[in-house]
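The structure appears below as structure tokens.
Throughout, read-outs are computed from the coordinates displayed, never taken from laboratory work. Note that the coordinates shown come from a computational prediction; the quantities given were computed from them, not determined experimentally. Neighbour counts run over all protein chains shown; Cβ positions are idealised from the backbone, glycine included.
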Amino acid sequence: MLYLGCHLSSSKGNLDMVKTASKIGANTFAFFTRNPRGSKAKPLDVVDCTRAMAELERQKFGTLVAHGSYTMNLCTKDPEARQFAAQVLLEDLQRMEAMPGQYYNFHPGSHVNQGIETGISQIVDALKPAMEQEYPVTVLLESMAGKGSEVGATFEQLRQIIDGVGSKNMGVCLDTCHIWDGGYNIAEDLDGVVAEFDRVIGLDRLKAMHLNDSKNPLGSHKDRHECIGKGFLGLETFQKIVNHPKLKGIPMILETPNELPGYQAEIDLLRSLERN
Ligand code: FE
Ligand code: FE
Ligand code: ZN
């Protein structure tokens, strides 16, 4: 089954997002747990979440991929700000209890001149106690482009965080633009990159993908998303991705520069590339 969707938002809540998703041909989606560029979270509407869950079940959606705030940096230098970020993470996971079984994905963080090893250990320090609460959510580290001092631009770094935390409820969300910008050549050697992921992290940890083309060439560390087929990855790469036997059943989320009609068109396009 091909599970495709995009980022959605709604002032009316989660049930409304499920309806919007199905209108545009999506059978999964992503949503921000709070303002993506701030730290405020709306009070949780448990009734809405329960209705949304029932509708997801009825329409046979794939797993949803919630996204943490961009401003949540678990390895920021200032200890007080770091503590605050860890608190935001804990609250987000708590809130996911109303949507049990879904994914929560976030950017590991930026170490801002502290060095990659310090960054990784600070991320582990924040994640470990949060994961010990065993909220009914699988937490995904997003693979990053390596822009600035981003942590998580190599499979080895992601593996180090996963090992440090030591929880079975952690996985990875592979962002196609990010790994391309990070130097993984999925355009010419998708099989090789998938095998490399399996060797370093293990494919059982690959839980979700972000499908984005890239405005920049391989290894550019820029992180500028492009519409599907319009960038350096090209349509053929996405054709290989949606048909790859080892990527089957994984929710794939578009984060391309689009409004709803553009997303609908890209979902249609990707479905048309699927060989049955
Ligand atoms: Fe992201
Ligand atoms: Fe992404
Ligand atoms: Zn990105």
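Some points to look at:
- Taken over segment 121-148, the criterion of being crowded, with 16+ Cβ neighbours inside 10 Å and free of Cβ contacts under 8 Å to residues at least 40 places away in the same chain is satisfied by MET131, LEU141, SER143.
- Residue ID - nearest to ALA208 (Cα to Cα), chosen from residues in segment 18-38 that are within 13 Å of the chain's Cα centre (by Cα) and hydroxyl-bearing (Ser, Thr, Tyr): THR28
- Test for VAL200: is it in contact with a Phe, Trp or Tyr (Cβ under 6 Å, 6 or more places away or on another chain), more than 15 Å from ligand 1 (Cβ to nearest atom) and under 23 Å from GLU255 (Cβ atoms): no
- LYS222 within 16 Å of ligand 1 (Cβ to nearest atom), farther than 30 Å from VAL137 by Cα and more than 17 Å from the chain's Cα centre (by Cα): yes
- In segment 191-213 there is no residue matching the filter, namely being surrounded by fewer than 17 Cβ atoms within 10 Å (Cβ to Cβ) and within 16 Å of ligand 2 (Cβ to nearest atom).
- In segment 257-272, the residues that are buried (at least 22 other Cβ atoms within 10 Å of the Cβ) and in contact with a Gly (Cβ under 7 Å, 6 or more places away or on another chain): ILE267
- Annotation: of all residues in segment 152-187 being out of contact with any helix residue (DSSP H, G or I) (no Cβ under 9 Å at 6 or more places or on another chain) and more than 16 Å from ligand 1 (Cβ to nearest atom), the one that is farthest from GLU226 (Cα to Cα) is LYS168.
- Of the residues examined, GLN114 is not one that is free of Cβ contacts under 8 Å to residues at least 40 places away in the same chain, within 16 Å of ARG34 (Cβ to Cβ) and more than 16 Å from ligand 1 (Cβ to nearest atom).
- In summary, helices (runs of 4 or more DSSP H) completely within segment 90-197 and bearing 2 or more residues that are closer than 21 Å to ILE250 by Cα occur at 155-165, 176-181.
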